[in-house]
1. Where both residues lie in the chain, what percent of DSSP beta bridges are antiparallel, nearest 5?
2. Sort Ile462, Ile229, Ile109 so the one with the fewest other Cβ atoms within 10 Å of its own Cβ comes first.
3. From Cα coordinates alone, what are the radius of gyration and Dmax values for the chain in angstrom?
4. With the crude spin-label approximation of a point 7 Å out along Cα→Cβ, what separation in nm comes out for Glu283 versus Glu38?
5. Using modelled backbone amide H atoms (1.01 Å from N, in-plane), which distant-in-sequence or interchain residues come within less than 5 Å of Arg676's amide H?
6. Would you mind giving the average projected area, over all directions, of the Cα convex hull of the range 549-679 in nm² with one decimal?
7. Pull up all non-local amide H partners of Arg815: gap of 5 or more, or a different chain, and H-to-H distance under 5 Å with H placed in the peptide plane.
8. What per residue convex hull volume, in Å³, comes out for the range 671-794 when only alpha-carbon positions are used?
Amino acid sequence: MFVVNVNGKDYQSEEDMALMDFLRYKLGITSVKNGCKEGACGTCTVIVDGKTVRACVLKLSKLEGKKVQTIEGFTQRERDVFVYAFAAAGAVQCGFCIPGMVISGKCLIDQNPDPTREDVKQAIRTNICRCTGYTKIEDGILLAAKMLRENTEVPELKQTGNVGERTCRVDAEAKTLGTAKYADDYYLEGMLYGKNVFSKYARAKINGIDTSKALAMPGVVAVYTAKDIPGDRYIGHLAHDWPGMIDVGEETKCCGDTLAMVVAETPEQAAAAVKAVEIDYEELEPIRSPKEAMVPGAPQVHGEGFMHFGKFRIPENNLFDHEEVKRGDAEKALANSKYIAEGTFYVPPTEHAFMEPETAVGIPDGDGVKVITGSQGIYDEHHELSAYLGLPLEKVRIQSAFVGGGFGGKEDMSVQHQAALCAYLSKRPVKVSFSRQESINYHPKRHAMEIYCKIGCDENGIIQGMKAKLLSDTGAYASLGGPVLQRACTHAGGPYNYQNVDIEGDAYYTNNPPAGAFRGFGVTQSCMSTEVLINQLAEKVGISGWEIRYRNAIRPGQSLPNGQIADEGTGMVETLEAVKEDFEKYEADPNYFVGIASAMKNAGIGVGLADVGRCILRIRDGKVITGSSAAAIGQGLQTITLQMVCQTTGLTPEQVVVGHPDTKYTPDSGTTTASRQTVFTGEAIHIAALKLKEDLDAGHSLSDLEGKEYYGEFDFKTDPIGSDKPNPVSHIAYGYGTQLFVIDQEGKVVKVIAAHDIGKAINPLAAEGQVEGGVAMGLGYGLTEDFPLKDGIPQAKLGTLGIFKAPQMPPVDIRFIEKNPSDVAFGAKGVGEIVCVMGAPALQNAYYKKDGVFRYSLPLENTFYRKPKPAK
């Protein structure tokens with residue numbers, strides 16, 4: 001018997017277990033989050049006898065006579081202070097890491113009521129945040145310390161909710177206190193637990209699956225295999241090439257493939273039964289790279305074929321997708337260029353490392369099923385689950401929980417279809433969760449690419465043309481590999497005014513983990529090659545990296561390399577002007593080296609595809625309830641929703657309630673991707689709110705309008721890739737940016753300056769957080785993050801990925817350019833993706849200035865962050 005004192009009360013447990021499991025699953029204290037169960041992320045941080053500890057690695061047997069404190073044990077004063085401080089500072093994004101940060105902050109303040117920023121950085125040094133870049137979390141802790149130290153009364157938040165105001169997040173309180181319910185925080189009576197039996201090989205033939213021993217184990221309710229799937233076994237947003245389970249006689253495509261699903265009464269019983277399922281493998285040589293994939297006679301990863309946009313396809317030589325962007329005469333332009341810069345660049349796969357591992361809860365719903373999920377697009381799941389279960393759409397309901405980060409990694413299905421299947425077949429609620437390592441092994445990554453690029457300019461540095469060839473590893477499944485490659489190609493020309501481009505890209509299937517959407521969506525990769533060569537051209541011409549960009553920067557009325565005419569809201573030049581003084585200052589200072597890079601990134605899916613934002617406003621109990629399926633994954637969409645309503649109608653934030661995505665109540669507003677939701681769903685909300693405003697202006701109160709509904713929908717027609725128009729419109733808008741990364745004599749990054757053409761900053765507080773978080777990702781991509789594979793098997797754990805931590809994070813100086821006159825969504829463009837695109841090439845430039853070594857691969861070698869490997 002183990003006695004544990006939690007928040008001043010003694011509890012007993014007959015079983016020795018991890019403190020986190022006891023708190024979450026026995027006491028229902030869900031502020032303690034399960035982010036990794038490896039002691040690496042800090043989301044489960046608690047205070048034990050005045051010190052922070054990781055609850056996931058501490059056993060109850062080690063706690064005799066000790067006192068455990070969670071947020072639930074805070075005084076009301078402490079709760080109020082932390083809620084206000086974290087809301088006012090903009091510290092909360094996806095929110096999954098925040099309770100752990102609050103605990104670390106509280107423990108620090110108890111020991112040191114007047115901490116410095118460095119003290120705060122040290123206090124949260126082992127707490128990972130993937131969203132915020134840490135700065136605003138540090139601000140929140142420092143503000144909380146000041147309020148507690150000075151016994152300040154918690155101010156009342158007086159906000160209009162109008163566009164342009166630094167409005168606090170609508171979910172800040174729930175996320176700060178840990179009461180926000182993510183998928184793993186749902187517990188239902190009679191709930192079972194599903195666990196995947198994964199292939200341990202990247203490529204193997206499955207000769208047999210024996211479930212008899214597992215079925216005989218205590219608590220096991222069922223073991224399902226491919227033959228139990230009642231509908232279409234193959235899923236996928238675009239290409240239906242991803243089997244829910246691999247059947248006997250088939251080959252696995254990657255190490256994350258599911259061979260069976262165990263369903264049991266407890267997670268422990270399910271995990272034990274997984275080990276008892278016997279698999280007869282015939283291990284086969286995997287395809288490790290696109291170079292191996294394209295060899296004539298190589299094994300075909302998808303030799304059986306699949307459905308793609310309604311047509312059956314069998315790839316040739318493992319080629320999944322080919323993309324082209326061709327305008328003018330690139331060969332002639334390059335031949336006539338005074339200076340040429342060219343090179344082949346290598347960028348690795350990258351793990352999203354969102355703080356919330358994947359979880360879904362399937363629930364029988366009459367003769368259908370409901371799924372509680374944490375994803376980026378509930379209607380994608382709605383359609384795929386309908387097909388997977390062989391059910392009509394009206395028999396499937398998807399309800400979103402809070403989402404603990406995504407960055408593109410939660411666009412594809414992971415656990416949702418298996419939770420739905422197990423619940424549908426067992427007729428009981430079933431929760432399916434990935435461990436952190438399973439998440440790392442399975443969900444799609446940022447694409448590894450090899451990029452050859454050649455750019456030419458005249459004697460004045462005016463760009464004449466570009467030729468590029470991109471080779472992309474899309475891994476075992478298509479995911480979003482086609483659109484990612486397309487965006488890498490369409491943006492490879494950069495934010496400049498020239499029209500001679502010859503860009504081709506190929507994406508190949510391999511037996512590596514699948515690759516898909518990741519913040520930047522292909523532009524992160526191609527920008528690395530383009531911007532590095534632009535800097536090299538500047539050196540050859542004898543001008544600065546800033547000057548060559550200023551001479552070539554796209555201006556309103558000019559044509560981008562892809563042919564689109566830049567509109568009057570184009571602010572590329574202004575981003576350069578915003579950093580000019582700092583660039584020149586650091587260039588002239590021998591103690592520092594400054595790297596520069598610029599970029600553009602589309603808002604919206606564009607390229608001729610349907611791209612619809614939808615919203616419905618319902619008047620209930622004297623309040624406006626907003627309804628949209630648009631996923632809030634930390635970017636602040638829910639608060640922007642509120643601001644759009646308040647700005648349009650004149651209502652106050654207290655009169656607006658932001659609803660959660662639910663296919664039963666909210667219209668389809670598409671996936672949270674492509675920096676599109678602020679623009680497309682934002683404008684749909686604006687349209688609906690204008691209709692409500694008409695009734696309010698007519699003298700009606702919200703009480704008078706009880707029960708009424710107002711619908712808004714917005715689409716923007718674009719031209720497809722390959723359009724024969726002289727100047728096709730690929731996207732509704734582009735955001736532009738220029739970033740400077742400053743390193744010292746040691747090679748340590750000491751400052752980042754980020755200037756972004758944002759259109760209109762709907763919520764500057766949230767937009768700053770997006771920039772800071774994106775810069776942190778750019779630093780990781782350029783300097784520290786890697787994803788090594790061996791025969792298709794990931795070799796990394798969360799703690800070895802190289803994610804930037806708070807003590808490593810430099811200050812980020814943010815400058816917003818707001819000049820977009822468009823009335824769509826009040827002129828917003830979206831800033832979520834571009835912010836992480838420029839870091840790697842700017843850092844490459846800074847280190848080249850420091851040591852003269854021109855680096856061609858990421859993460860950059862021989863830096864302050866990656867020392868030279870010792871000679872063997």
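Just so it is clear, none of the values below were taken in a lab; they were calculated from the coordinates. Quick caveat, the model's predicted, so the values are computed rather than measured. Glycine also receives a Cβ, built like all others from the backbone with ideal geometry; neighbour counts cover every protein chain displayed.
1. Working: 108 of 139 bridges.
Here the share of antiparallel DSSP bridges comes out near 80 percent.
2. Values: Ile462 17, Ile229 22, Ile109 25.
Ranked by crowding around the Cβ, least crowded first: Ile462, Ile229, Ile109.
3. 26.6, 83
4. The modelled label-to-label distance comes out at 2.2 nm.
5. Those lying under 5 Å, H to H, from Arg676 are Gly604.
6. Numbers: hull surface 48.3 nm².
For the Cα atoms of the range 549-679, the hull's average projected area reads 12.1 nm².
7. Amide H neighbours of Arg815: Ala754, Ala755, His756.
8. Numbers: hull volume 30.7 nm³, N = 124.
Cα convex hull per residue, to the nearest whole number: 247 Å³.
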